[in-house]
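Worksheet: one structure, shown below.
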Amino acid sequence: MSQTISLKLSDFDAALLSELSKREAKTPEELILEALHSLFASRLDDKIIPLSSDVFDACSKIIFEPEKDKEVLMRRHKLMDTKPVWDN
């Protein structure tokens, strides 16, 4: 599956793309995809994840409100009481 997109470039940017296309012997589409993939790969290491305010509020609630589910609390206590194998 593929999608067609339209990109409006200034004359200067269009000339840059054309010149780079000639120098690299690649199509403008190949250059744009290469840049997109490179940018995406560089962002994979970002430690900051943008969240909408609704998602941020939901995450904050999970993190900061104490657990109330007795089953979850019981399992948590059991896990905390388990002696790690490296402490034998």
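A search for C-beta distances below 9 Å between a residue of segment 22-50 that is within 23 Å of Leu9 (Cβ to Cβ) and any residue that is among the basic types (Lys, Arg) and not in a helix (DSSP H, G or I), counting only pairs 6+ apart in sequence or on different chains, returns Glu34/Lys26.
Looking only at segment 54-76, which residues are of a type in the set (A, V, I, L, M, F, W, C) and either surrounded by 10 or more Cβ atoms within 10 Å (Cβ to Cβ) or in contact (Cβ under 8 Å) with a residue 12 or more places away in the chain (or both)? Even if it seems obvious, please write down each step before you answer.
Our first condition is that a residue be of a type in the set (A, V, I, L, M, F, W, C); within segment 54-76, this holds for 55-56, 58-59, 62-64, 72-74.
Matches in segment 54-76: Val55, Phe56, Ala58, Cys59, Val72, Leu73, Met74.
Here are Leu17, Leu51, Leu79, Leu9: which of them is surrounded by 10 or more Cβ atoms within 10 Å (Cβ to Cβ) and in a helix (DSSP H, G or I)?
Leu17
Bear in mind that the values in this text are calculations on the coordinates, not laboratory data. It should be emphasised that the depicted structure is a prediction, and the values quoted were computed from it without experimental measurement. Don't worry about glycine lacking a Cβ; one is built from the backbone with ideal geometry, like all the others, and counts go over all protein chains shown.
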